[in-house]
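Here the structure is laid out as structure tokens; the discussion comes afterwards.
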Amino acid sequence: MKKIIFILLLLIPVYCDLLCAQSAKSVSILGDSYSTFEGFIPEGNYCWYNLNPDKDHTDVEAVTQTWWHKFIKENGYKLEKNNSFSGATICNTGYEKADYSDRSFITRMKDLGSPDIIYIFGGTNDSWANSPIGDYKYENQTAEELYSFRPAMSYLLSHMKDYYPNVEIIFMMNTELKPEISESINEICNHYDIPILELKDIHKQSGHPSVAGMSQISEQVKAFMNQYK
């Protein structure tokens, strides 16, 4: 009898670990270069952060230094899928008015697995690329209208809410965006009741988060989630 009790006591930590692993919420990211890292995004997606970085562009050299990896590891979550694509716009218009429908957020939005939480971290390239702003339109967007930011942003959120029922969807808004982009994000997220994590004072190198900036983003996500809960 004593032997059985001893064995059961040894197994308790194992069962606790299994229960914790099963109860950990899963996280998916729909993002751009800020959330990329070599080997952790779908094959074929362009990547900004990698194992052999150009030190003139970034000091991030390990996946453990990225905002999403730090946040997930340090706060008891697990990664479902990171579908980030460097340079991607939310709408279908990219840099130099190129057609980005092969990589836009609205193209990739249904390839996020089955997470408990989705972080949408975008709008930066729409701002930098001077993508057309367009009009606010919350339904029946035409294919042509999806080449403009506001209709595409509405299309993104409305379809994601339908495609991922009972999933927490949070929009992360970068610093230093064009006013019409940040204003549009606020307006459209409020329309769909999507919470916005508005980032503040992020240290950047070549326009992208440095190691310090990644830590700042991770801490701001943690603080937001604590308040959000």
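A short reminder: the numbers here are calculations on the coordinates, not readings from a lab. Note that the structure is predicted; figures quoted are calculated from it, not measured. Heads up, the Cβs are rebuilt from the backbone with ideal geometry, glycines too, and the neighbour counts pull from every protein chain shown.
What to note about this one:
- Pairs from Lys70/Lys110; Lys81/Lys161; Lys110/Lys178; Lys25/Lys73; Lys97/Lys204; Lys55/Lys78 whose Cα-Cα separation, in the structure shown, is over 23 Å: Lys70/Lys110; Lys110/Lys178; Lys97/Lys204; Lys55/Lys78
- About the centre of its Cα atoms, the chain shows a dipole size close to 1120 debye [charges on the beta carbon of Lys, Arg (+1) and Asp, Glu (-1) only; nearest 20 debye].
- Distance from the alpha carbon centroid of the stretch 116-141 to that of the stretch 28-77 works out to 22 angstrom.
- Charge dipole of the stretch 26-228 about the Cα centre (unit charges at C-beta), most positive-ward option of Tyr164, Tyr77, Leu112: Tyr77
- Structure-derived Rg and Dmax of the Cα atoms in Å: which label, when the choices are (i) 19.1, 60; (ii) 16.9, 57; (iii) 19.5, 76: (iii)
- Put a plus charge on the Cβ of each Lys and Arg, a minus charge on the Cβ of each Asp and Glu, and nothing anywhere else: the dipole of the stretch 49-176 about its Cα centre is then about 300 debye.
- Neighbours of Ser158 by Cβ distance under 15 Å: Lys/Arg scored +1, Asp/Glu scored -1, total -1.
- The chain: calculated mean residue ellipticity at 222 nm from DSSP helix runs of at least 4, using -39500 (n - 2.57): -11500 deg cm²/dmol
- 0 to 90° range, to nearest 10: angle between helix 149-163 axis and the chain longest Cα axis: 30 degrees
- Pairs of Cα atoms nearer than 8 Å and 6+ residues apart set the relative contact order; for the chain it is 20 percent.
- The chain: most fluctuating residue of Ile194, Ile169, Ile120 per GNM, C-alpha cutoff 10 Å: Ile194
- The GluC sites (Glu not before Pro) of the stretch 129-229 meeting both criteria, a DSSP state outside H, G, I, E and B (loop) and at most 11 other C-beta atoms within 10 angstrom of the site's C-beta, are Glu139, Glu144.
- Using C-alpha pairs under 8 Å with a sequence gap of at least 6, the mean separation divided by the residue count of the stretch 77-177 gives a relative contact order of 32 percent.
- Fewest-first sequence of His159, His208 by Cβ atoms within 10 Å of each Cβ: His159, His208
- Estimated at 0.36 nm per residue, the fully extended path between Asn75 and Glu180 surpasses their Cα-Cα distance by 34.4 nm.
- Choice from Thr142, Thr89, Thr58 with maximal GNM fluctuation in the chain (Cα, 10 Å cutoff): Thr142
- Furthest towards positive pole of dipole, His203, Ala98, Ala152, structure part the chain, Cβ charges: His203
- Beta bridges by DSSP in the stretch 26-228, antiparallel share as percent, to the nearest 5: 15 percent
- Looking at the stretch 78-171, the chymotrypsin sites (Phe, Trp or Tyr not before Pro) that sit in a DSSP loop and have at most 14 other Cβ atoms within 10 Å of their own Cβ are Tyr136, Tyr138.
- For the stretch 65-126, the set of trypsin sites (Lys or Arg not before Pro) satisfying both a DSSP loop assignment and a count of at most 13 other C-beta atoms within 10 Å is given as Lys110.
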